[in-house]
Amino acid sequence: MPTKHARIRTLEEYQEAYRRSVENPEQFWAEVAEPFTWRRKWSKVLDSDMAAGRNEWFQGARLNITENCLDRHLATRANKLAIIYEPNDPKTRHLRLTYRELHQEVCKFANVLHNNGVEKGDRVCIYMPMIPQLAIAVLACARIGAVHSVIFAGFSATAIADRVNDAQATVVLTADGLNRGAKQIPVKRVVDEALETCPGVRRVIVVEHLGWPVQMKEGRDVWYHEEAADVPKTCPAEEMDAEDPLFILYTSGSTGKPKGVVHSTAGYMVWADYTFRNVFQIEENDIYWCTADIGWVTGHTYLLYGPLLAGSTSLMFEGIPTYPDAGRFWEVIDKHSVSIFYTAPTAIRSLMAAPLDNVLSYSLDSLRVLGSVGEPINEEAWYWYYQHVGKERCPVVDTWWQTETGGIMISAMAGITPSKPTHAGLPMPGVQPVLLTQEGKEIEGNDEEGYLAIKHSWPGIIRTTYGDHERAVQTYFAPYKGYYFTGDGARRDENGLYRIIGRVDDVINVSGHRFGTAEIENAINHNQNVVESAVVAFPHDVKGQGIYAYVICQPGTCDGDKDKAHIEASIIETIVAQIGKIAKPDKIQIVSGLPKTRSGKIMRRILRKVAEGEISNLGDTTTLLDPAVVDEIIAGRK
Ligand code: PRX
């Protein structure tokens, strides 16, 4: 049973836990970690050197996370539902898996992986629709100690190849096809195209989902159902070191290609479980639904690992909020009596735009807690969610965190700590946020704004960036020595509640998805008509931020409107091929030059202001090489 510190039920308990977590982090986390299944306990709780980006938690401990997600529950929860799968089409039957069934399915998949030569430490990339086999495949990797790297099944072949090659994966798991709303996507074909440039992949295991014909490459590709036909339903869990990597998840930064964020086993496990249970105030009979795709970190920690570690029932949805209509989320909540609902502001905003009847025609009586994640939630969306979905009865937890933090860092605990619109709130126990000046000086006191950094290690902290530790150090630990730098700006209100303002680097957040402006520019520059490009964000009603691309074309390629339309379409095609549809710019403006300083640096501040429509206040443009370019850009603004 969890110790008294593992579950917080009152504000006083929160304050006490927080105080203890700061005064004696090692003792605090040792107590939280106690109830898990360990093959061997740790010899030291924490060994950390923040400046070197070295963070080791539960040193010397041995465990397998799937024993904690599955085996541990069999004695008391074998017949409890672990996963409810709600398919894309409401007319298709849903599926339920108990903890016993999920355990068996994971063991079978793990045996298939073994039989196909996957060993401890191997990297396995997974490109699959949101179907139960995706959850099963992820856990199967963890069962045998393979490092999973899930790639969101909306990324393009090129993006898959980049990730597979960077992770040096030898095996890829996929499906024949995917449903997303009214669309169907031939997932296996996308993988085939990607693997043309991935010489290291020797095996592809294909799950049958839509029953589509696919090309199977002799000697490389096998069907999962054939491989699983007569494998045992049990599979011993591989004993892992606390710090063995559990997964790699690629995420965008302000420079270069997306990097592989590495999380390790024990710290991530403890962090996922602790934050999940406390933020959502989970009770035994909750039906919990996180709408994120497992391809993102939210799906990893709060659809899969967190709920299963806590022995909860987690709903997994294959579709989209607006299919077949804008009432789908609410229909699913009523259908499965969902009590805790966790989604993104962009989904809320898109549903707000539909007639209110879409939500009012459902009872939503089962709901108890609402959560938000991925981007700042604006006041209007917060109130709409609170009033029309939560019926002013359900606390809203606005959870701030990042791929790199492994789990929730700053958030209300439902009904326990304060929940204020547009504010994430107070930090989790173990999280010591600070606001820094640009020079790195800590800003004391309340009612202040600054760069958000974290002072002390926490169990879920990023361990490295795959294959390039120096990159992790430079990105997160070197900017402000002794701190983890988040890349976000934040405000601390008069009561010490944190409000996240947004990124202070060249990362943009489109519908809760992170992109580096440089990453999109690189993609655009692959287009043969393009000489140079500059990408900035602008406020977007539904997506939070939209992508605005300024593009200089090759001389003679873009003279009339027809040329422009053609080039814009071809640029979009290039981005879709390089990254995926999710990175499509909202606006493309063809320009003859970009505002550059005499030293050749693009003045993005000006481009941002123009994209935002704030042209009356462009600031000092006298240092520009060619100030006339600004007038042209303003005149052609989209
Ligand atoms: O800018 C913050 C924003 O999303 C970034 C992290 O993105 P990612 O690693 O993709 O993880 C998303 C899911 C955890 C952060 O640096 N962000 C995330 N949650 C919030 C947020 N901004 C404001 N409020 C939030 N609740």
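The values are calculated or read from the model by the stated rules, or taken from the named source; none is laboratory data. The shown structure was predicted, so the numbers you read here are calculated from the model rather than taken from an experiment. With ideal geometry, Cβ positions are generated from the backbone for all residues, glycine too; neighbour counts draw on all protein chains shown.
Quick look at the values:
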item	result
Listing of strands (runs of 3 or more DSSP E) fully contained in segment 250-352 that carry 2 or more residues being under 27 Å from VAL106 (Cβ atoms) and within 14 Å of the ligand (Cβ to nearest atom)	259-264, 340-343
Subset of segment 609-627 that is loosely packed, with under 15 Cβ neighbours inside 10 Å and at pLDDT 90 or above - its residue that is farthest from ALA549 (Cα to Cα)	GLU614
Search result, residues across segment 500-547 that are crowded, with 18+ Cβ neighbours inside 10 Å, part of a loop (DSSP other than H, G, I, E, B), within 13 Å of the ligand (Cβ to nearest atom) and free of Cβ contacts under 8 Å to residues at least 60 places away in the same chain	none
Which listed residue, of MET413, MET409, is within 28 Å of GLY267 (Cβ to Cβ) and within 10 Å of the ligand (Cβ to nearest atom)	MET409
Test for VAL191: is it under 22 Å from HIS513 (Cα atoms), assigned to a helix (DSSP H, G or I) and either free of Cβ contacts under 8 Å to residues at least 40 places away in the same chain or within 25 Å of the chain's Cα centre (by Cα) (or both)	yes
Residue match in segment 562-574 (condition: in contact (Cβ under 8 Å) with a residue 24 or more places away in the chain and under 19 Å from SER350 (Cβ atoms))	no
Of all residues making up segment 379-400, the number that are out of contact with any helix residue (DSSP H, G or I) (no Cβ under 7 Å at 6 or more places or on another chain) and either in contact (Cβ under 8 Å) with a residue 60 or more places away in the chain or buried (at least 23 other Cβ atoms within 10 Å of the Cβ) (or both)	2
Residues within segment 148-172 that are within 20 Å of LEU102 (Cα to Cα) and among the β-branched types (Val, Ile, Thr), tallied	1
Considering residues of segment 548-589 that are assigned to a helix (DSSP H, G or I) and among the hydroxyl-bearing types (Ser, Thr, Tyr) only, the residue nearest to the chain's Cα centre (by Cα)	THR574
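Yes/no matrix, rows are residues, columns are (1) within 20 Å of the chain's Cα centre (by Cα); (2) within 23 Å of ALA292 (Cα to Cα); (3) surrounded by fewer than 19 Cβ atoms within 10 Å (Cβ to Cβ):
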residue	(1), (2), (3)
ILE160	yes, yes, no
VAL171	no, no, no
LEU195	no, no, no
PRO199	no, no, yes
VAL207	no, yes, no
GLU218	no, no, yes
ASP221	no, no, no
ALA229	no, no, yes
THR234	no, no, yes
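Okay, residues lined up against (1) out of contact with any Cys (no Cβ under 6 Å at 6 or more places or on another chain); (2) touching a residue at least 60 places away in the same chain (Cβ under 8 Å); (3) in the same structural domain as VAL231 (by the TED database); (4) not polar (S, T, N, Q):
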{"residue": "GLU119", "(1), (2), (3), (4)": "yes, no, yes, yes"}
{"residue": "VAL124", "(1), (2), (3), (4)": "no, no, yes, yes"}
{"residue": "PRO129", "(1), (2), (3), (4)": "yes, yes, yes, yes"}
{"residue": "PRO132", "(1), (2), (3), (4)": "yes, yes, yes, yes"}
{"residue": "ALA137", "(1), (2), (3), (4)": "yes, yes, yes, yes"}
{"residue": "ALA146", "(1), (2), (3), (4)": "yes, no, yes, yes"}
{"residue": "ALA153", "(1), (2), (3), (4)": "yes, yes, yes, yes"}
